[in-house]
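> Take this structure first; my questions come after.
The values are calculated or read from the model by the stated rules, or taken from the named source; none is laboratory data. Since the structure is predicted, the reported quantities are computational estimates derived from the model, not experimental observations. Counting neighbours? That spans all protein chains shown, and the Cβs are built from the backbone with ideal geometry, glycine included. Accessible surface areas use protein heavy atoms only, side chains included; no ligands, DNA or RNA. Shrake-Rupley method; radii C 1.70, N 1.55, O 1.52, S 1.80 Å.
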Amino acid sequence: MSIPKELYPSQDDLPYEEELLRNPFSLKLWWRYLVARADSPFKKRAVIYERALKALPGSYKLWHAYLRERLELVRNLPVTHSQFQTLNNTFERALVTMHKMPRIWIMYLVSLTEQKLVTRTRRTFDRALCALPVTQHDRIWEPYLVFVSQWGIPIETSLRVYRRYLKYDPSHIEDLLEFLLNSELWQEAAERLAGVLNDDQFYSIKGKTKHRLWLELCDLLTQHATEISGLNVDAIIRGGIKKFTDEVGRLWTSLADYYIRRKLVEKARDIFEEGMTTVVTVRDFSVIFDAYSQFEESMLALKMEEMSDSEVEDEETNSEVGVEEDVDEEDDRLNVAKLEKKLRGFWLNDDKDVDLRLARLEHLMDRRPELANSVLLRQNPHNVEQWHRRVKLFEGNPTKQILTYTEAVRTIDPMKAVGKPHTLWVAFAKLYENHKDIANARVIFDKAVQVNYKTVDHLASVWCEWAEMELRHRNFKGALELMRRATAEPTVEVKRRVAADGNEPVQMKLHKSLRLWLLYVDLEESLGTLESTRAVYERILDLKIATPQIIINYAVLLEDHKYFEDAFKVYERGVKIFKYPHVKDIWVTYLSKFVKRYGKSKLERARELFEHAVEETPADAVKPLYLQYAKLEEDHGLAKRAMRVYDQATKAVPANEKLSMYEIYIARAAEIFGVPRTREIYEQAIESGLPDKDVKVMCLKYAELEKSLGEIDRARALYKHSSQFADPRSDPDFWNKWHEFEVQHGNEDTFREMLRVKRSVSASYSQTHFILPEYLMQKDQMQTLEEAKDVLKKAGVADDEMAALERQLVPPEDETKGKEQSRVVGFVSAGVVESNGQKVTTNNEDIELPEESDSEEEEKVEIAQKDVPAAVFGGLIRKREEGDEAEDDSAAKNKDNDGHLGALERIKRRRQGS
């Protein structure tokens, strides 16, 4: 073969060729030669590669570079091109020496896979697995599985490859399962999946749980029920139901679906029924019920479609058979064939069972509430509320209700019950009562009172319901007898026997049930005698289970029967038994009844009761008792003692009620003794430690009182005192009142004083820092002066100059400040201020009196007189008015008689007449 000239070495190749002649086995020289000819055509480089590989056939670097260039050369060529054959031959030559290199094998195998040479590729994969060590097989298996998963590869070939692969790495069985499912090999897929689930050491590399694999197996078995054999599907799915509690409903529906596909319809119905009666969650029940109802609907629809198709044919056949029967009716009575045909036409063997299927579907829908309730009861059979709902489902069917109640009372353990188990017994008895069967109702109640309930109240409720049933049927003696039985205390022998057992039932504590005793005492009041009722009340008090209401009821009962002293003794026992706040109602009732009964006749005893009551009562509840006490003294006692009670009340009540108590105190004192008497009460209230807002209110009321009495200076002093509790920014009403007061009754000085106080109070409220004492401020000033002196000394200033500077630093005294300091605190000047022991007139508006004669007529000055307010006299005003009326009557008689008038009165009348 002639070699083209362009493939021969050129002039530029001579240096490389000379070096290779000297050392033809140097990889470095060959590689440098190839790098230098990187831009040359592939044919020339291929010659260099061939020469180099002939000299160095074991060089991996040369083979790898040569094969990569060969692969790049055929990248865009069709697989039928001759270059692919050359490439494959090159790979084969390379593998003669490179058969231990996995990278060369992978390049060759990938190339063969792309060439779609199935047999050659498979054999080459096998050669690679045989040539390479086991530790490097995982690099070959990955492209091998990709190759056998391609479309067009025979399934048997792929299956054999996967089986071989599982021998190498059994953990990838999920890949085989996926391949089997994609290849629709359902039998082997089911067997492999069942084997995986039976392997306790299996671990999913794809993160699938055993539960998910179970569901996949169930779906596989049910969807391909007719194509899979050899597996006990029923046992497999039931095993999953026992093992996995999550989504049990889906497993039951899968099992039923399996039988449906096997055309075992009745078996599928049994599975649905079994599933609904065994699941314990509402979600699983809903899944099964929905699948069951859908199955029945589909069966009904299918049958109706079949009937619509064959309806015409059946009508023609029936008409022909009817004609033959009319003709041969007498001759065919002994014909066995005809008889069998008639039997086959019986309704049980009728293929046209649409009505039956429709009835099945309706029955299933009607049973849904009952089945759902059964699920909830399987979750907790001790749920009382669910048993009540179950009974309500059978409303209108007494037999079913009785069976349900019987099952309920047998199933529920009172110690584990959720709810009140005694209500089941009561409802059970009421069911018999509603059907006029009182005897059986009593039997139910008799059994119910023997049950050991969790609490005494449950047992007491049963006894009360029993007694109320007897009352409804007018068996009053029976109701009383029941209450006597229920409240009877167990004997000593019974207590000893129960103590020996160690488990005390609630029946041992029943005799202390307050609910029973309340019903018992009501029955005795209505049906019994006074003595029997008192005996019941006394028994309640002896058992120490009485309540304040029972005490009051007992006392009211005695009062109704005119046993007043006995009623008061009951009240006394009540106030000794109970403490506050429970005894409050007893005290209020006791005191009001006592005062109403005896009034003034036993005043000292009433006082003792009130004193004892207010001593025992806490501060927050003592106010009503003090008011009641004071009312007693006002009505039947002394006014002075009433005032003393009010005074005690103001000290005893809590701070938040002191203001209202003082207001009541002041009002009563003003009405009884007159307004002047209230001054000391106001002063006492202001100094008693009331909250600031209450002190302000009290001062304002006090000021209004003084203003009404004409005491302007006293009212001004009160305004000034209460101003310290009123911030001008948040309480403008107070300052407006003071402003109006000064406008009406003050002068310029008092108005200025009010403004000064207002500024002072506003400044005190607006300060945000603590004010230092005066001596600390003086100390700071002295330190400043000392520092100034030190600086001047260092500067060389003389002492006399320093003194002058010191006098300059000290602020001058303000004359007004001196005046204010000399002013007496709380004193409002009227124009004269003492200065150095002498009185100096400071009022600029001096009044100049005219110098006139001292005659009596000229010195007469008209003085305005103002009537004294009626409130000053208090309760005495009524007596005065009564006296005035009497005087008016006498004055009318002696109207013209001046001899009985005084001299001053006669002079006044003469002047008026003149």
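> Can you give me the number of residues within the stretch 424-439 that are touching a helix residue (DSSP H, G or I) at 6+ places or on another chain (Cβ under 7 Å), open to solvent by 50 Å² or more (accessible area, probe 1.4 Å) and modelled with pLDDT of 90 or more?
The total comes to 0.
> Something else: If you go through the stretch 170-193 one residue at a time, how many are under 16 Å from residue 204 (Cα atoms) and either basic (Lys, Arg) or touching a His at 6+ places or on another chain (Cβ under 8 Å) (or both)?
Summing the residues that are under 16 Å from residue 204 (Cα atoms) and either basic (Lys, Arg) or touching a His at 6+ places or on another chain (Cβ under 8 Å) (or both) in the stretch 170-193 gives 1.
> Where in the stretch 1-114 are there helices (runs of 4 or more DSSP H), lying fully within it, with 3 or more residues that are out of contact with any helix residue (DSSP H, G or I) (no Cβ under 8 Å at 6 or more places or on another chain) and within 24 Å of residue 144 (Cα to Cα)?
Counting at least 3 such residues, we get 82-98.
> State the number of residues belonging to the stretch 525-551 that are farther than 17 Å from residue 566 by Cβ and either crowded, with 19+ Cβ neighbours inside 10 Å or among the small types (Gly, Ala, Ser) (or both).
3
> Can you tell me how many residues in the stretch 542-564 are among the hydrophobic types (A, V, I, L, M, F, W, C) and under 17 Å from residue 519 (Cβ atoms)?
Of the residues in the stretch 542-564, 5 are among the hydrophobic types (A, V, I, L, M, F, W, C) and under 17 Å from residue 519 (Cβ atoms).
> May I ask you to say which residue of 395, 370, 465 is modelled with pLDDT of 90 or more and acidic (Asp, Glu)?
465 is the lone residue from the list that is modelled with pLDDT of 90 or more and acidic (Asp, Glu).
> Among 640, 693, 701, which is among the charged types (D, E, K, R) and closer than 30 Å to residue 611 by Cβ?
Exactly one of 640, 693, 701 is among the charged types (D, E, K, R) and closer than 30 Å to residue 611 by Cβ, namely 640.
> Here is a further query. Does the stretch 423-468 hold any residues that are under 16 Å from residue 520 (Cβ atoms) and not aromatic (Phe, Trp, Tyr), and which are they?
Selection gives 449, 456, 457, 459, 460, 461, 462, 464, 465, 467, 468.
> Please state which one of 182, 198 is modelled with pLDDT under 80 and of a type in the set (S, T, N, Q).
Checking each option against the conditions leaves just 198.
> Something else now. I'd like the full set of residues that are part of a helix (DSSP H, G or I) and hydroxyl-bearing (Ser, Thr, Tyr), limited to the stretch 185-230.
Result: 222, single match.
> What number of residues within the stretch 4-25 satisfy the criterion of being modelled with pLDDT under 75 and open to solvent by 100 Å² or more (accessible area, probe 1.4 Å)?
Looking only at that region, the number is 5.
> Out of the residues in the stretch 759-784 that are closer than 18 Å to residue 721 by Cβ and open to solvent by 80 Å² or more (accessible area, probe 1.4 Å), state the one that is modelled with the highest pLDDT.
This residue is 759.
> Among the candidates 443, 492, single out the residue that is loosely packed, with under 14 Cβ neighbours inside 10 Å and modelled with pLDDT of 90 or more.
443
> Let me ask something additional. Under 6 Å between Cβ atoms, at least 6 apart or on separate chains: pull out the pairs that start in the stretch 724-746 with a residue that is in contact (Cβ under 8 Å) with a residue 24 or more places away in the chain and end on any residue that is open to solvent by 70 Å² or more (accessible area, probe 1.4 Å).
Hits for this filter: 725/692; 727/765; 728/758.
> (1) of a type in the set (A, V, I, L, M); (2) more than 17 Å from residue 512 (Cα to Cα); (3) in contact with a His (Cβ under 8 Å, 6 or more places away or on another chain): which one isn't true of residue 431, the others all being true?
Among (1) of a type in the set (A, V, I, L, M); (2) more than 17 Å from residue 512 (Cα to Cα); (3) in contact with a His (Cβ under 8 Å, 6 or more places away or on another chain), the lone unmet condition for residue 431 is (3).
> Quick one: in the stretch 163-205, which of the residues that are more than 26 Å from residue 258 (Cα to Cα) and among the small types (Gly, Ala, Ser) is most open to solvent (accessible area, probe 1.4 Å)?
Here the answer is 171.
Listed here are the residues, each with its yes/no results for (1) within 28 Å of residue 169 (Cβ to Cβ); (2) surrounded by fewer than 16 Cβ atoms within 10 Å (Cβ to Cβ); (3) under 47 Å from the mean Cα position of the chain (by Cα); (4) of a type in the set (Asp, Glu).
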| site | (1), (2), (3), (4) |
| --- | --- |
| 222 | no, no, yes, no |
| 225 | no, no, no, no |
| 245 | no, yes, yes, no |
| 271 | no, no, yes, no |
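> Please state which of the following conditions residue 470 fails to meet, knowing it meets all the rest: (1) open to solvent by less than 20 Å² (accessible area, probe 1.4 Å); (2) of a type outside the set (A, V, I, L, M, F, W, C); (3) within 41 Å of the chain's Cα centre (by Cα); (4) farther than 23 Å from residue 410 by Cα.
Single failed check for residue 470: (3).
> Now, a different point. Does residue 749 meet the test of being among the acidic types (Asp, Glu), open to solvent by 40 Å² or more (accessible area, probe 1.4 Å) and either in contact (Cβ under 8 Å) with a residue 60 or more places away in the chain or touching a Phe, Trp or Tyr at 6+ places or on another chain (Cβ under 7 Å) (or both)?
Against the criterion (among the acidic types (Asp, Glu), open to solvent by 40 Å² or more (accessible area, probe 1.4 Å) and either in contact (Cβ under 8 Å) with a residue 60 or more places away in the chain or touching a Phe, Trp or Tyr at 6+ places or on another chain (Cβ under 7 Å) (or both)), residue 749 qualifies.
> Can you go through 740, 801 and tell me which one is at pLDDT below 80 and open to solvent by 70 Å² or more (accessible area, probe 1.4 Å)?
Of the residues listed, the single one that is at pLDDT below 80 and open to solvent by 70 Å² or more (accessible area, probe 1.4 Å) is 801.
> Counting just the residues of the stretch 355-376 that are open to solvent by less than 60 Å² (accessible area, probe 1.4 Å) and not hydrophobic (A, V, I, L, M, F, W, C), which one comes out nearest to the chain's Cα centre (by Cα)?
Restricting to residues being open to solvent by less than 60 Å² (accessible area, probe 1.4 Å) and not hydrophobic (A, V, I, L, M, F, W, C), the top hit is 373.
> How many residues are crowded, with 17+ Cβ neighbours inside 10 Å and touching a helix residue (DSSP H, G or I) at 6+ places or on another chain (Cβ under 7 Å) when one looks only at the stretch 552-568?
Counting residues in the stretch 552-568 that are crowded, with 17+ Cβ neighbours inside 10 Å and touching a helix residue (DSSP H, G or I) at 6+ places or on another chain (Cβ under 7 Å) gives 7.
> Of the conditions (1) within 30 Å of residue 53 (Cα to Cα); (2) assigned to a helix (DSSP H, G or I); (3) in contact with a helix residue (DSSP H, G or I) (Cβ under 8 Å, 6 or more places away or on another chain), residue 130 clears all except one; give me its number.
It fails just one condition, (3).
> Across the stretch 135-153, which residue is farthest from the chain's Cα centre (by Cα) among those that are touching a residue at least 24 places away in the same chain (Cβ under 8 Å) and open to solvent by 60 Å² or more (accessible area, probe 1.4 Å)?
Filtering first and then ranking leaves 152.
> On to the next question. May I ask you to say which residue of 188, 216 is over 45 Å from the mean Cα position of the chain (by Cα) and acidic (Asp, Glu)?
188
> If I ask for residues that are of a type in the set (A, V, I, L, M), open to solvent by 70 Å² or more (accessible area, probe 1.4 Å) and modelled with pLDDT of 85 or more, which ones from the stretch 46-100 would you list?
96, the sole residue that qualifies.
> Could you check the stretch 599-709 for helices (runs of 4 or more DSSP H) lying wholly inside it with 2 or more residues that are farther than 28 Å from residue 582 by Cα and open to solvent by 40 Å² or more (accessible area, probe 1.4 Å)?
Per the criteria, 623-636, 639-652, 655-673, 678-686, 692-708.
> State whether the residues of the stretch 99-110 include one that is at negative phi, in contact with a Lys or Arg (Cβ under 8 Å, 6 or more places away or on another chain) and without any contact (Cβ under 8 Å) to a residue 40 or more places away in the chain.
Within the stretch 99-110 (the criterion being at negative phi, in contact with a Lys or Arg (Cβ under 8 Å, 6 or more places away or on another chain) and without any contact (Cβ under 8 Å) to a residue 40 or more places away in the chain), the answer is yes, since at least one residue qualifies.
> I'm trying to understand the selection: among the residues of the stretch 710-735, which are within 51 Å of the chain's Cα centre (by Cα) and assigned to a helix (DSSP H, G or I)?
722, 723, 724, 725, 732, 733, 734, 735 - these are the residues of the stretch 710-735 that are within 51 Å of the chain's Cα centre (by Cα) and assigned to a helix (DSSP H, G or I).
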